[in-house]
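Below is one structure, written out as structure tokens; the observations come after it.
The values are calculated or read from the model by the stated rules, or taken from the named source; none is laboratory data. These figures come from a predicted structure and were not determined experimentally. Please note: Cβ atoms are built from the backbone with ideal geometry, for glycine as well, and neighbour counts cover all protein chains shown.
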Amino acid sequence: MSADTKWFVHDRFGLFIHWGLYSLPARHEWVKHNEQIPDNIYDRYFKRFDPDLYEPTLWAKAAGNAGMKYFVITTKHHEGFCLWDSKLTNYKATQSPAGRDLLTPMVKAFRKEGLRTGFYHSLIDWHHPDFVIDRIHPQRSHPDREKLNKARVQARYAAYLHGQVRELLTQFGKVDILWFDFSYPGSDGKGRADWQSEKLVKLIRKLQPKVILDDRLDLPGVGDVKTPEQFQPRDWPMVDGKRVVWEACQTFSGSWGYHRDENSWRSTDELIRTLIDCVSKGGNLLLNVGPTGRGEFDERALARLTGIGEWMKRHSRSIYGCTQAPAEFQCPPDCRLTYNPEKKRLYLHILAWPYKHLFLDGKAFVDRVEYAQLLNDASEIKFGLDDWHAMQAGTDAKSSVVLNLPQTQPNVTVPVVELFLKD
Ligand code: GLC
């Protein structure tokens, strides 16, 4: 049975959360790989992981107020550390100074806020004793790598992986998304055979048939959502010539995990424009926060979530339930169109405010636009071109709907004109 993606393509906007021991070194979630840190040194973070300021209700509220409708949490990242009380390992939050299951209260808090639940789960595990050392493992340059690998049985790791997925799909109620990361087949890499991906998918479909599965199990054609990462698709992504359900996953800055000194933080304006752009191409946006080792969203993340929420408060109608506009509606320059097929409304996102007039060219607009209003305050936008301006414009006013815009841009990040279409 395939997944239920109806809610997903309606809700459009989610929060990714990368949280683990790597929040303590605070210099990227791949720090163990980047600095080839051996386990005995990396244990310094396990021994000090104590998120005493962790309050998942605050996280859930920040996400809900930003207009996010689902969240995806790293139950375990590549480092192997687990946020929940897994019976299959002691490398988990309950055994660290945190001393408690961090996942259950998080799921409860986000559900209470009305968000759906997504679990990111790393296929990779740089702590597990049976995970064979390969080209991206922190011990890839270890002089005794071959000897160490002789004691490792990848199939035993695969059984551990499947066992933990079983825990995640049986102990937390309805899981809406399962987000595996990632396969890197080829020489000295890992793919479907190392994860026993086919067997894993059978288990998942048995336990939670409707869960949305991502596309990173190295099983071509398996997966309910395509996941372009840190990249903005130019058009609606296609697989085998067909448009697919897709979700861009992106960070606020250059790191998924908390990174204290990384300063390439994107502006709130650009993040809002990215969300609009995703929906204008029929996709979702999963924006990431990396909480600190104290268990908080830092002020840089909170500022952006607040700013996005301010825009979403008055403009979410152009995001939820919307998708790419029908091809007959040509999008004007410096704009993005989204379309709500149920309400038969187009949403014109104006990225660069023009001087007084905005031309919607083409028969589709002329035949079908019945009424227009600014979404932020529902003030009418009259359209048409008087003779004087028609003469100036030199266009055949009959082939365009000309929106008469206020001379000054409304005080919102991206103004939106809601276009009501005749049936
Ligand atoms: C990449 C990164 C990983 C991150 C993931 C999120 O795979 O390596 O750290 O969790 O992207 O999509």
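Yes or no, residue by residue, for (1) in contact with a Ser or Thr (Cβ under 9 Å, 6 or more places away or on another chain); (2) modelled with pLDDT under 95; (3) assigned to a helix (DSSP H, G or I):
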| site | (1), (2), (3) |
| --- | --- |
| TYR120 | yes, no, no |
| HIS127 | yes, no, no |
| ILE136 | no, no, no |
| SER141 | no, no, no |
| ARG166 | no, no, yes |
| LYS174 | yes, no, no |
| TRP179 | yes, no, no |
| LYS206 | no, no, yes |
| LEU219 | yes, no, no |
Note down all Cβ pairs under 6 Å where the first residue falls in segment 90-101 and is over 15 Å from LEU53 (Cα atoms), the second is aromatic (Phe, Trp, Tyr), and they're at least six residues apart or on different chains.
TYR91/PHE81; SER96/PHE46; SER96/PHE49
Quick check on segment 26-38: of everything there that is in a helix (DSSP H, G or I) and out of contact with any helix residue (DSSP H, G or I) (no Cβ under 9 Å at 6 or more places or on another chain), which residue is surrounded by the most Cβ atoms within 10 Å (Cβ to Cβ)?
HIS33
Are any residues in segment 249-260 in a strand (DSSP E or B) and either within 19 Å of SER23 (Cα to Cα) or more than 10 Å from the ligand (Cβ to nearest atom) (or both), and if so, which ones?
GLN250, THR251, HIS259
Scan segment 378-403 for residues that are closer than 23 Å to VAL416 by Cα, assigned to a helix (DSSP H, G or I) and modelled with pLDDT of 80 or more and report the count.
1
Hey, ILE177 surrounded by 19 or more Cβ atoms within 10 Å (Cβ to Cβ) and over 22 Å from the mean Cα position of the chain (by Cα) or not
no
Would you mind finding the one in VAL412, VAL401, VAL417 that is free of Cβ contacts under 8 Å to residues at least 60 places away in the same chain and surrounded by 11 or more Cβ atoms within 10 Å (Cβ to Cβ)?
VAL401
Residue, nearest to the chain's Cα centre (by Cα), within segment 202-215, restricted to residues that are within 20 Å of TRP246 (Cα to Cα) and crowded, with 19+ Cβ neighbours inside 10 Å
ASP214
Those residues of segment 1-44 which are away from the ligand (no atom under 16 Å from the Cβ), of a type in the set (Asp, Glu) and under 25 Å from THR274 (Cβ atoms) amount to ASP11
Some residue of segment 191-201 being away from the ligand (no atom under 16 Å from the Cβ) and in contact with a His (Cβ under 6 Å, 6 or more places away or on another chain):
yes
ARG345 fails exactly one of (1) under 15 Å from GLN373 (Cα atoms); (2) assigned by TED's automatic domain parsing to the domain that holds ASN284, namely (2)
Pairs where the first residue, in segment 130-151, is within 15 Å of GLY189 (Cα to Cα) and the second is modelled with pLDDT of 95 or more and among the small types (Gly, Ala, Ser), C-beta under 7 Å, 6+ apart:
ASP134/GLY189; ARG135/GLY189
Considering every residue within segment 360-380, establish whether at least one is farther than 19 Å from THR413 by Cα and touching a residue at least 60 places away in the same chain (Cβ under 8 Å).
no
Flagged pairs (Cβ under 8 angstrom, 6 or more apart or on separate chains; first in segment 181-196, within 10 Å of ARG216 (Cβ to Cβ); second among the acidic types (Asp, Glu) and within 13 Å of the ligand (Cβ to nearest atom)) are ASP181/ASP214
Contacts under 8 angstrom Cβ, first residue in segment 217-239 being free of Cβ contacts under 8 Å to residues at least 12 places away in the same chain, partner assigned to a loop (DSSP other than H, G, I, E, B), 6 or more apart:
GLY223/ASP214; GLY223/ASP215; GLY223/ARG216; GLY223/LEU217; MET238/VAL244
Counting only residues that are farther than 18 Å from ALA60 by Cβ and either of a type outside the set (A, V, I, L, M, F, W, C) or in a loop (DSSP other than H, G, I, E, B) (or both), segment 300-328 contains a total of 17
Exception for GLU79 within (1) farther than 21 Å from TYR320 by Cβ; (2) surrounded by fewer than 17 Cβ atoms within 10 Å (Cβ to Cβ) falls at (2)
